Amino acid sequence: MYYKFSGFTQKLAGTWASDAYIPQGLKPVVSTEAPPIIFATPTKLASDSTAYDYAGKNKVPELQKFFQKSDGVPIHLKRGLPDQMLYRTTMALTVGGTIYCLIALYMASQPKNK
């Protein structure tokens, strides 16, 4: 169901889809001439190109082999030092934030002394 604001009743009233998208019953003027060309170069359809447009090697198969290798290291630490630093920083911020929240709750639960 489509709705349109009625100027007579000052409420929303049910209407047809064509009236709901054209306010106050104004009809758009249909142009008989073609619109101007926006870009000088013609557009390329997706079905026309067979090669990929990026210049680079597909690293997915190598990364799949690297991450699926069973060497006892968790997946989130496979890349070495950068992953370890990111993991430890995240854990430190999580523990620190939890402690800060608990301290704030404790301070908020204590009545103020005058």
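At-a-glance table
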{"read-out": "From 49, 18, 31, residue being hydroxyl-bearing (Ser, Thr, Tyr), modelled with pLDDT under 75, within 31 Å of the chain's Cα centre (by Cα) and farther than 30 Å from residue 78 by Cβ", "value": "49"}
{"read-out": "Boolean, residue 78 is basic (Lys, Arg), open to solvent by 100 Å² or more (accessible area, probe 1.4 Å) and modelled with pLDDT of 90 or more", "value": "no"}
{"read-out": "Contacts under 9 angstrom Cβ, first residue in region 77-103 being under 27 Å from residue 63 (Cβ atoms), partner open to solvent by 70 Å² or more (accessible area, probe 1.4 Å), 6 or more apart", "value": "77/87; 78/66; 78/69; 78/71; 79/66; 83/76; 86/76; 87/76"}
{"read-out": "Qualifying residue in region 34-45 (condition: of a type in the set (Lys, Arg), at pLDDT below 90, open to solvent by 100 Å² or more (accessible area, probe 1.4 Å) and under 28 Å from the mean Cα position of the chain (by Cα))", "value": "yes"}
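The values are calculated or read from the model by the stated rules, or taken from the named source; none is laboratory data. This one's a predicted model, so the numbers in the text were calculated from it and none came from an experiment. Backbone-built Cβ (ideal geometry, glycine too); neighbour counts: all protein chains shown. With ligands, DNA and RNA removed, areas are computed over all heavy atoms of the protein, side chains included. Shrake-Rupley method; radii C 1.70, N 1.55, O 1.52, S 1.80 Å.
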